[in-house]
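Any read-out appearing in this document is the output of simple, stated calculations on the displayed coordinates, not a laboratory observation. Not measured: the values here are computed from a predicted model. Methodologically, a virtual Cβ is constructed for each residue, glycine included, from the backbone with ideal geometry; neighbour enumeration extends over all protein chains shown.
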């Protein structure tokens, strides 16, 4: 630990204060009321009646949602676990994947289009090497609304197989553009430290550091421009240099408070590897904690206007977490979702797999409830984050059979009054690009044509005020 | 005055407890990938196993180019592994400090130097990480007298400007991996002075060094490997001597050129293939080259997936997660040894010489475990031979209770033979309980001949996996499964040499080790990694010749030397 202390002292000491980084240009933008959006994407589908299986997800009655009405469903419908937010909820059934015939592993295919409404590339290098062919909604919102060029806050919980070949797809859902996934942070500590970045409790020192950074940035920009001036670079090199140049920002150090010290400590303790040299945030035993801490970070980032959009992916290409139900460690969630002891269509049946799957979806829904509660509790003069934004819970596929119909959409929050909440809506089989256009519009990025250009335009106007 | 402020007031840089990736493979790019839960299996009910169009003929495998790598970039960005190594070497540190922050993971598929997904960009987040990393390292070095003095050339003058210019010239030459112009030195001298101006009151040399180091570690000329040739605009060209040295160093050691290589480049002594070979040969004896090969193997063989191993504690009370580091270390030491002792790639599939600690000795059932650490050990050659019969692979490709022939088979097909399987079927209805006795019978009942999985599983996947039924879910050798004799025989007809019939795993690996498919796959992966670009049609002739020599018994090292001395290695081809 000697090294670390020296590393710290090199910058002058140890008092903890946690300012957020703000761009100088941000001050000009205070005019419009920001809208905050978060997308939680889960894996392996939900248990719903798309043929033979029982209905254990959607509310039992369409139309208006009331706390009492939802509470009556609580034993059997996963969505009912959020009954306390009934008046702010918008549950939408009948939205289907825009691209229904997979050209890759169905989970990857679902991830690819989930937030992009584009088909994935065909797998040329293994069955899950497919990548989405367009920008995702969170990136679009960040590009248009985030202050200072920051990308969407992109988080991931669960095993992360970055670097994999074949089936090792990490399950990217957030994309800058065709074949350009946004790399998610798996460790809450990394994500948090990137937000708080540099802390200086003294304005003079903060100014000295900012001045030094400005000089270094000028130097880096100058070198980048010299490279850009070459005429013999490929288009991709050009794009790369442009992106690098626009990422070089002169930041000032704004002051804000941080998360509670015990929360920060939890994050720090979860970073790195355990005694068995396994990445701690990948472990099943730490999953619930990682999800909760990521949600804390999302609310924190919104509260400080560090980002106006976030994505949390739970699980990688599929979710192989072994959940513990009633004190018993279950087979992998992915196997349960397929009802058999294998990662595909073959294997011995898992007893009570349908019920187990439904129980896991309830666990995931309760975790989502934590985020929603947190957003409800985070207020400013303009209202809570649920007044000023919304959270979406969805899944890469509709059920354990990779069905493309009835993707789950549980939306909570009124988005500065743009969403008509308090309802369970039957959309009647519309492709999900229209849902994404609707959600963009709710996030103050009005559009009716998000996603692949081959798709029919439109929004689900009934959801919008 | 500010000096006092500096002492009394405080700054906190983002520090992480990222202790694990100093000087070791791993780090923020989590090497391999999952070998665990996924959709490898498919029953093929009217499904996709038949393949469509050019994909995978009637249920056949699709042979892939091992890895597609940034093909036309003149500015490949360093991977995080390379960046950390290069920072360590540029600053002449034995290792990076443990508190050096982790960088935002790249969204790569395949090898970490693979840019197919355009992953190797500098995003807003990564740029911010570089900044904090660079500032942290600069501060670390400036506050360590010994470290700082290592960066000052011997006989440097003592007045501030001359001393600064001397350090700048030496450091920038190494950071940019080429001679620097007077204008570039002037530019850095101005920056050096700006450090003292920003921190008025600090020692101007220390303040200057801090900003200088921080800037060089963020310089595009350090972060990227510019391959621009001699200022020609021709589409294809021969790299400059310095660019070639850089390409060679990052290929073989995943780091910047060392002093000797840089000197050779500056003297124009990397022209003939004999000259390049001599330098490469020297580099291959360095620890950095060994780590680089380990980094390659860890990714190729998905060693990181061992971290996911999780077994039923009632069935396997002797196995716990504490075995995971041993499993990974065995594979690492084994593969390292194959390279270090000049063996042919076939040793990866055949050698029963491995590395065992107490934990593994227990799992292998060895009578005399080593007193401490790992010992080079001869495993029972009748039961074990090669990576595929080591506990790590076997346990990682098994369920909590039973072995998983399907994952084992898919791994061999994809990773060792580079034969990609068609995507899994959709909407496969669950199969009723079988009531069969052995693991093989159960799998067979669902996916074997006469079932809906016949096209894919019965021929392309299962036979490869059944060969390993002689090892249980924690990799122990067994002759009985559920009281019935294990059947690990089978035949596999996808090899270039024709049908391979085998009785057990050792039989199968013997067949694979002599197959052109295995050698082409392994060498092709190295080619992708070392050449850092997509294979092209015109490369096939070169590749084919190298595969021939691999089949004839060339050592891994010899293959690497052949790959980096091939004329194509030194050329930029868009």
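Just to check, using Stokes-Einstein with a Kirkwood Rh over alpha carbon pairs, what's the diffusion coefficient of the range A:312-465 at 20 °C and 1.002 mPa s in µm²/s? All intermediate terms of the calculation are to be shown ahead of the outcome.
Values: Rh = 17.6 Å.
Stokes-Einstein gives a translational diffusion coefficient of 122 µm²/s.
Taking only the C-alpha atoms of the range B:518-574, the Rg (one decimal) and the largest Cα-Cα distance, Dmax (whole number), read 10.5, 33 Å.
With the convex hull drawn over the C-alpha atoms of the range B:257-370, the volume per residue is 135 Å³. Rounded to whole Å, the principal axis extents of the Cα atoms in the range A:48-100 read 35, 23, 16, largest first. Rounded to the nearest 10 degrees, the inclination of helix A:235-247 to the longest alpha-carbon principal axis of chain A is 70 degrees.
Take the alpha carbon gyration tensor of the range B:344-414, find the square roots of its eigenvalues, order them as a ≥ b ≥ c, and report rounded if a/c is under 1.5; if not, report prolate when a/b exceeds b/c, else oblate.
Working: a/c = 2.46, a/b = 1.42, b/c = 1.74.
Oblate.
Computed over the range B:76-160, the quotient of the alpha carbon radius of gyration and 2.2 N^0.38 Å is 1.32. Each 10 Å bin from zero holds the following percent of Cα-Cα pairs in the range A:366-411: 25, 38, 23, 12, 2.
Stokes-Einstein at 37 °C, 0.692 mPa s, Kirkwood radius from Cα pairs: D for the range B:354-394 in µm² s⁻¹?
On the way: Rh = 10.4 Å.
So the translational diffusion coefficient is about 317 µm²/s.
Estimate the FRET efficiency between residue B:441 and residue B:314 by the formula 1/(1 + (r/R0)^6), using the beta-carbon distance for r and 22 Å for R0, to the nearest 0.05. Between residue B:441 and residue B:314 the formula returns 0.45. For the range B:466-574, the Cα-based Rg and Dmax, in that order, read 18.5, 61 Å. Equivalent ellipsoid of the range A:424-463: semi-axes from √(5λ) of the C-alpha gyration tensor, largest first, are 15, 14, 6 Å.
With a ≥ b ≥ c the root eigenvalues of the C-alpha gyration tensor of the range A:37-152, is it rounded (a/c under 1.5), prolate (a/b larger than b/c) or oblate? Intermediate results must be reported in sequence, preceding the final value.
Working: a/c = 3.05, a/b = 1.42, b/c = 2.15.
Oblate, because a/c is 1.5 or more while a/b does not exceed b/c.
With the convex hull built on the Cα atoms of the range B:204-290, state its orientation-averaged projected area in nm².
So the mean shadow area of the Cα hull is 7.4 nm².
For the range A:264-357, what class follows from the C-alpha gyration tensor (a ≥ b ≥ c being the square roots of its eigenvalues): rounded when a/c is under 1.5, otherwise prolate if a/b is larger than b/c, else oblate?
prolate
Quick one: Debye curve from the C-alpha atoms of the range B:123-204, no solvent, what's log10 I(q)/I(0) at q = 0.19, 0.22, 0.27 Å⁻¹? Treating every Cα as an identical point scatterer, log10 I(q)/I(0) equals -1.04, -1.32, -1.44. On C-alpha positions alone, give me the angle between the axis of helix A:353-377 and the longest principal axis of chain A, in degrees, nearest 10. Approximately 40 degrees, to the nearest 10.
Based on alpha-carbon atoms only, what is the radius of gyration of chain A relative to the globular estimate 2.2 N^0.38 Å? List each step's numbers first, then the result.
Numbers: Rg = 22.4 Å, N = 465, 2.2 N^0.38 = 22.7 Å.
Dividing the Cα Rg of chain A by 2.2 N^0.38 Å gives 0.99.
Beyond 16 Å, what percent of the Cα pairs of the range B:316-373 remain? Display every interim value, and only then the final one.
Values: 788 of 1653 pairs.
Within the range B:316-373, distances greater than 16 Å cover 48 percent of Cα pairs.
Relative to the longest principal axis of the Cα atoms of chain A, the long axis of helix A:432-442 lies at roughly 50 degrees. Within 10 Å of each Cβ in B:215-226, how many Cβ atoms from other chains are there, averaged over the peptide? Counting other chains' Cβ atoms within 10 Å and averaging over B:215-226 gives 5. Along the Cα→Cβ direction, 7 angstrom out, place labels at residue B:479 and residue A:214. What is the inter-label distance in nm? Here the answer is 8.1 nm between the modelled labels. A protection proxy built from the mean count of other Cβ atoms within 10 Å ranks the segments A:446-456, A:410-420, B:295-305, most packed first, as B:295-305, A:410-420, A:446-456. Label separation (residue A:75 vs residue A:366): 1.8 nm, computed from points 7 Å beyond Cα along the C-beta direction.
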